[in-house]
């Protein structure tokens, strides 16, 4: 299982939100490029970069910063999310060197775009399956949809996506543990077809082990790393442990 330290960008700074609430924000780095360098210096196998403004507004105001992070990352692959909703957005972000992009709102609203993107860029399109009480949410989690998370996951499989990133927004940023059962359900549903990356709520190394045992192929850990509940090295070691 891989560990993805995130660099969430709002207003040009690296922040963490609680349950996606823009009014419950903590700034950890004034410079997101510095934040990315911080994690790379600790051996990050991936970076997960999120344009929070783009996710909410549908238009990126942090594109230049993200491009700088991708350029600075070198051999470290960068997964970019937030506000990628049109063919032009997809081509722009991938064209600047992102290893993978994440479609969230667009995957809910425009299945045809998802299918075209996945076919045109094999292995480089992930789908954000972000849910509240079992239903997918959009627009930086501000809007409810009528699409169950299981149906969105199935859509990702049908489209030929590279991965699913599953977030239960209720636990995001709360440091009270992830939704392991929800993760396991998605792994059981689609794990034979594509990887499931878990996100949200991780507070301890035990949480990482539980997600690994549930079958998650990766985990995005934000607040716990930024608040130094454990080190990135410890997280990576736990994620990669195997048991006979």
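Values computed for the structure shown
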quantity	calculated
Number of positions in region 106-127 that are closer than 16 Å to residue 138 by Cα and in contact with a strand residue (DSSP E or B) (Cβ under 6 Å, 6 or more places away or on another chain)	5
Test set (1) farther than 18 Å from residue 223 by Cβ; (2) buried (at least 21 other Cβ atoms within 10 Å of the Cβ) - residue 110 fails condition number	(2)
Pick from region 1-27, criterion outside any strand (DSSP E or B) and touching a strand residue (DSSP E or B) at 6+ places or on another chain (Cβ under 7 Å), ranking: surrounded by the most Cβ atoms within 10 Å (Cβ to Cβ)	5
Region 28-48, subset part of a loop (DSSP other than H, G, I, E, B) and in contact with a strand residue (DSSP E or B) (Cβ under 6 Å, 6 or more places away or on another chain), residue surrounded by the most Cβ atoms within 10 Å (Cβ to Cβ)	46
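Where a number appears in this text, it was derived from the coordinates with a stated rule and is not lab data. Computed from a prediction, not measured in an experiment: that's the story for all the values here. Positions of Cβ are backbone-derived with ideal geometry, glycine not excepted, and every protein chain shown enters the neighbour counts.
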